[in-house]
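S.K.: Encoded as structure tokens, here's the structure I'll be asking about.
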Amino acid sequence: MSQLSVTPIAGALGARVEGLDLSETLNEETAAKLNDAFLKYLVLTLPNQSLNAPKMLKLTQDLGGVGETPYLTGLEDYPDVVPIIKEANEKSALTFGAGWHTDFTFQILPPSKTLLYAVDVPPQGGDTLYANLYLAYDALSNGMKDLLEGMTAVHSAVRSYGPDSTMKNHMENMKINNDSAEPALMSHPVIRTHPETGRKALWVNPVYTIRFENMSAAESAPILNYLNDLIINPSFTCRVPWQAGTLTMWDNRCTQHCATSDYQGYRREMLRTTVAGDKPI
Ligand code: SIN
């Protein structure tokens with residue numbers, strides 16, 4: 001195998017990794033180097049891979065075990081591998097994941113990492129944006145840090161997958177199963193300490209965080225809106241373009257991401273898995 005090379009793609013987060021074939025089992029030294037790069041850059045994008053559903057599943061297992069994926073229907077033979085597909089002839093431009101979020105924060109044990117592999121991409125557009133939640137935390141004043149330190153926030157899938165959510169209507173070629181009743185509420189700390197780096201991250205997002213614990217949604221909104229705006233300050237973000245064969249993995253414990261809906265009339269097909277996570281602290 002050639003030498004692993006890691007090249008940052010922005011000042012805030014994100015790196016391109018070359019010299020690695022993810023379809024082969026990683027030896028201990030390479031796996032350790034990859035993990036070091038992941039903890040440093042939070043988002044790693046690896047072009048020119050040759051993966052498929054079973055290989056992605058194996059990689060996901062090796063990276064910490066497969067996470068649970070509610071609401072989204074996976075491949076028949078590999079239910080933990082979810083196809084994210086937009087066909088060229090769809091009526092809506094809206095793409096899956098087109099709002100800033102961290103994956104599945106409504107779960108008791110939200111996924112630590114997500115893996116996304118590009119099978120088919122539009123000639124232009126369809127990039128994914130990422131934001132660094134450590135930098136957002138670091139940018140807060142000491143007063144705001146003190147205020148948020150002891151607070152918990154309530155997360156729910158209601159906006160995306162609740163009985164009244166219309167998101168699935170825009171995803172004509174995905175099988176999305178909304179809840180028939182109001183989805184469960186899940187409380188997590190607003191400031192999350194990363195279990196491996198020990199760094200603090202501002203861990204709220206506009207899709208799944210619905211309010212602070214012991215406060216109404218209206219009372220929570222001014223501060224949540226402020227925090228959500230702060231997180232996507234361009235200086236805290238990077239942009240990942242895709243080619244067929246690109247695998248990108250991101251750390252849900254310290255990032256948000258957002259897919260762009262700028263390729264209507266073209267096809268985009270991705271395969272997605274999540275790595276099991278632990279309880280946010
Ligand atoms: C996602 O939010 O999981 C999908 C992101 C993308 O398709 O770019």
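The values are calculated or read from the model by the stated rules, or taken from the named source; none is laboratory data. Values in this document were obtained by computation on a predicted structure and should not be read as measured data. So basically every Cβ, Gly included, is an ideal-geometry build from the backbone, and we count neighbours across all protein chains shown. Please note that ligands, DNA and RNA were not included when accessible areas were found on the heavy atoms of the full protein model with its side chains. Shrake-Rupley method; radii C 1.70, N 1.55, O 1.52, S 1.80 Å.
S.K.: Inspect the stretch 185-194 for any residue being open to solvent by 50 Å² or more (accessible area, probe 1.4 Å) and either farther than 24 Å from Ile84 by Cα or at pLDDT 95 or above (or both) and give the result as yes or no.
M.R.: Yes; the residues of the stretch 185-194 include at least one that is open to solvent by 50 Å² or more (accessible area, probe 1.4 Å) and either farther than 24 Å from Ile84 by Cα or at pLDDT 95 or above (or both).
S.K.: Right, something else. Among the polar types (S, T, N, Q) and within 13 Å of the ligand (Cβ to nearest atom) - does that describe any residue in the stretch 199-221?
M.R.: Yes, the stretch 199-221 contains a residue that is among the polar types (S, T, N, Q) and within 13 Å of the ligand (Cβ to nearest atom).
S.K.: How do the strands (runs of 3 or more DSSP E) wholly within the stretch 12-92 filter down when requiring 1 or more residues that are open to solvent by 20 Å² or more (accessible area, probe 1.4 Å) and among the polar types (S, T, N, Q): which remain?
M.R.: none
S.K.: I would also like to ask the following. Kindly provide the set of residues from the stretch 222-259 that are within 16 Å of the ligand (Cβ to nearest atom), open to solvent by 30 Å² or more (accessible area, probe 1.4 Å) and not basic (Lys, Arg), ordered by number.
M.R.: Listed by number, the residues that qualify are Ile232, Thr237, Pro241, Gln243, Ala244.
S.K.: For the stretch 4-19, how many residues meet the condition of being touching a helix residue (DSSP H, G or I) at 6+ places or on another chain (Cβ under 7 Å) and closer than 16 Å to Ala136 by Cα?
M.R.: Here the count works out to 3.
S.K.: A further question on this structure: How about the stretch 120-137: which of its residues are surrounded by 20 or more Cβ atoms within 10 Å (Cβ to Cβ), part of a loop (DSSP other than H, G, I, E, B) and not β-branched (Val, Ile, Thr)?
M.R.: Once the filter is applied, which keeps residues that are surrounded by 20 or more Cβ atoms within 10 Å (Cβ to Cβ), part of a loop (DSSP other than H, G, I, E, B) and not β-branched (Val, Ile, Thr), the stretch 120-137 yields only Gly126.
S.K.: Let me ask another. If you take the residues of the stretch 96-119 that are within 12 Å of the ligand (Cβ to nearest atom) and open to solvent by 30 Å² or more (accessible area, probe 1.4 Å), which of them is modelled with the lowest pLDDT?
M.R.: Only one residue fits best here, namely Ala98.
S.K.: Against the definition (in contact (Cβ under 8 Å) with a residue 24 or more places away in the chain and over 30 Å from Gly198 (Cβ atoms)), how does Val154 come out, yes or no?
M.R.: Criteria not met by Val154.
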